[in-house]
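The values are calculated or read from the model by the stated rules, or taken from the named source; none is laboratory data. Here the structure is a predicted model, which is why all the values come from computation and not from measurement. Heads up, the Cβs are rebuilt from the backbone with ideal geometry, glycines too, and the neighbour counts pull from every protein chain shown. Areas reflect the complete protein model, heavy atoms only, side chains present, ligands, DNA and RNA absent. Shrake-Rupley method; radii C 1.70, N 1.55, O 1.52, S 1.80 Å.
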Amino acid sequence: MIKKHIPNTITCLNLISGCIATYWAFHGDYQLALLFIVIGAVFDFFDGMSARLLHVSSDIGKELDSLADDITFGFAPSAIVFSFLSSFHIHLPLVPFLAFVIAAFSALRLAKFNLDERQTLGFIGLPTPANALFWGALIVSLDMQTWFEPYQQPSYWLYIVLALIPVSCWLLVSEIPMFALKFKTWGWKGNEVKYVFLLTCIPLLLFLGISGLAAIIAWYVILSLATVKREKA
């Protein structure tokens, strides 16, 4: 009887992690915000795994999972970007609120995922956890730079971040097939892209640190696009 509640409990821990991440984001502590997004991602991984192992998946669990994911991987990164944009001296005070478009498109992506039967072995569009990790890592890496002082003067990074918002929103709901790290077999054949991705993640993290996490997500998108182009050729 108790085991059927385990996946939902883990999902709620994911949601709570997203709430805490949002709290730290609004307080300008991007590192802690990113940390709790990562913690939420860990819970998100184990809630699905526990449901499959215990054979207790339910419709309520699926709905709860989407709600938790939009908080942790939609609203929390939006709050990080909002707080970051608010740190600039700009004459249009409504500009930072554009960050919350990320949360809206994350919700759309999650709704599409729940209804799309094509996404069993891969993804159609950028997964919300990947998008959240990209934004969290990008903002943290910028905030850690000693040369970056948004309070003193406007920076070109303001415009880059604003430009990246519609790009990430489009990727979330796009029809671009993106690979998942799921293996039917452990051989090289058929898993070339996955192994190349995993092997290149290590040097990116070692040499770039937290910035490497954002680079990994960008590399994931590039590899997915290259795979689609190769298959069409």
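Per-residue extension of 0.36 nm, minus the Cα-Cα distance of A163 and T185, leaves a gain of 4.0 nm for this segment.
Taken over region 1-131, the ratio of Cα radius of gyration to 2.2 N^0.38 Å equals 1.13.
Accessible surface of the chain, 1.4 Å probe: 72 percent of it comes from carbon and sulfur atoms. Computed over the alpha-carbon pairs of region 174-233, the distance histogram in 5 Å steps reads 4, 17, 25, 22, 18, 10, 3, 0 percent, short to long. Over the chain, Cα pairs under 8 Å with separation of 6+ residues give a relative contact order of 20 percent.
Computed from backbone phi, the HN-Hα couplings of region 159-172 come to 6, 5, 5, 4, 6, 6, 4, x, 5, 5, 5, 5, 5, 4 Hz, rounded to whole numbers (Karplus: 6.51 cos²θ - 1.76 cosθ + 1.60, θ = phi - 60°; Gly and Pro given as x). Applying both filters, DSSP loop and at most 14 other Cβ atoms within 10 Å, to the trypsin sites (Lys or Arg not before Pro) of region 51-119 gives R118. Computed with a 1.4 Å probe over protein heavy atoms only, the accessible surface of the chain comes to 55 Å² per residue.
In the chain, Rg over Rh equals 0.98, where Rg is the alpha-carbon radius of gyration and Rh the Kirkwood radius from pairwise Cα distances.
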